[in-house]
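What follows is one structure encoded as structure tokens, with my remarks underneath.
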């Protein structure tokens, strides 16, 4: 098939590359000329395992090309996939300005039947607004499909090529068959396509992300209660997760969720409820808990040092909101580091992939270290925000030798408290009693 993907951000680039890798001819479009120049050189602007190799392979085979010319891409493609950004407005609702502008341009560029596929996460009812914007510019027929993405950063290529499900929101049976053909190579073993109306498909995306965010916030609330009563949240989590009705997914306590999806989508769901006169109280609470959780952990670090904050040096491991990404949008580490800096603390930080993106947020107020152990020299404590694999089994002897005080604040509960005590560390984590050297 001939496909145009509008928007080369996280979703658009992954979709375009993976569709090209399955044999389609894909044109990726973006208004950012610098980004398109970089992509043409093979310079992938985001870190996502496996993505660079797929882009390079398909660009070399001429199945994947990049352009700023939307009209030309629409003219050469049968399927137009929208992966345009929907940043939150001041009230938390998604800003659809770019989506609607692109829709109008697509309408003007159409010269025959097209299938317009919405990959961007958009409010329920957007299908009607996009169709109206296209229809106002053309007499040519088209079908609109809501096809939300369910990608996890750090595993996006795997999620796209082996999806749990493919949601297709469309009313025309013929276009449903076109979409089945498009995804056929990714669904060879069994049928995981769910067909519904566009409004239901739009809602499915928000409902799924809000549920996952709810599990995270709920577990963080339980962790905070465990701190108050001396219980061990890890034991509680295992006991809960053994119930087949609950399971363990997304029940890991920590410093709160971040990234480009959960914060934005929960906020959008809250905004939709307010505008519809049907408040989504659980989503409101999830949002509030998440904002509080990153403060709770940062304040625990700050309170430990008290009046000495102005003379405190901290080593920070992890800047991205999760491992296997360089994304620091809404990252708890960034919010906490800003709180540390406000108290006069000195911060030395390391992340395997996110130091460049974090530096864009924090400027030169934080010293970035290429080696994680170089953050430790003379530091009064180590603070962990991201669960990168390399942080799970570090050299504790080296950590102890290079820190001025054998103190670790663990926002991801990576280590066994008793083992840390035997190694001579004071260990403070989430929802488990702090331990001191044996």
Please determine, in degrees from 0 to 90 and to the nearest 10, the orientation of helix 126-135 with respect to the longest principal axis defined by the Cα atoms of the chain, where the helix direction is its Cα long axis. 40 degrees
Who wins for biggest fluctuation among 53, 90, 33 in a Gaussian network model of the chain, springs between alpha carbons below 10 Å? 90
At a threshold of 8 angstrom on Cα-Cα distance, excluding pairs fewer than six apart, so keeping six or more, what relative contact order does the stretch 241-428 reach in percent? 20 percent
Match the structure shown to one of the listed values [x] 23.4; [y] 22.1; [z] 22.8 of Kirkwood radius over Cα pairs in Å, computed from it, and give that label. [x]
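Could you list 32, 265, 227, 43 in order of exposure, starting from the residue whose Cβ has the fewest other Cβ atoms within 10 Å?
The fewest-first ordering by Cβ neighbours comes to 43, 32, 227, 265.
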Pick from 390, 52, 418: which is most flexible by mean-square fluctuation in a GNM of the chain where alpha carbon atoms under 10 Å apart are linked? 390
Highest GNM mean-square fluctuation among 63, 308, 25, for the chain with Cα springs under 10 Å, belongs to 308
Please give the helix 97-109 orientation as an angle from the longest Cα principal axis of the chain, in degrees from 0 to 90, rounded to the nearest 10. 20 degrees
So what is the relative contact order of the stretch 2-196, in percent, for Cα pairs below 8 Å that sit 6 or more residues apart? 20 percent
Cβ crowding within 10 Å averaged over residues, with 99-106, 330-337 ranked highest first: 330-337, 99-106
Restricting to Cα pairs under 8 Å and 6 or more apart, the percent relative contact order of the chain works out to 11 percent
Hey, what angle do you get for helix 51-60 against the long axis of the chain, alpha-carbon based, 0 to 90 degrees rounded to 10? 30 degrees
Would you mind computing, in nm to one decimal, how far apart the modelled labels at residue 33 and residue 211 are, each placed 7 Å from Cα along Cα→Cβ? 4.6 nm
I need 250, 340 ordered by Cβ neighbour count within 10 Å, fewest first. 250, 340
Roughly speaking, what is the centre-to-centre gap between the stretch 1-71 and the stretch 84-117 when only Cα atoms are used, to the nearest Å? 19 Å
Distance in Å, no decimals, from the C-alpha centre of the stretch 247-309 to the one of the stretch 371-438 is 25 Å
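Over all directions, average the projected area of the Cα convex hull of the stretch 1-109 and note it in nm².
7.0 nm²
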Provide 325, 68, 435 in ascending order of the number of other Cβ atoms located within 10 Å of each residue's Cβ, fewest first. 68, 435, 325
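Each reported figure results from applying straightforward, stated rules to the coordinates on display, with no laboratory input. Computed from a predicted structure; not experimentally measured. Because the Cβ atoms are built from the backbone with ideal geometry, glycine has one as well, and the counts that use them run over all protein chains shown.
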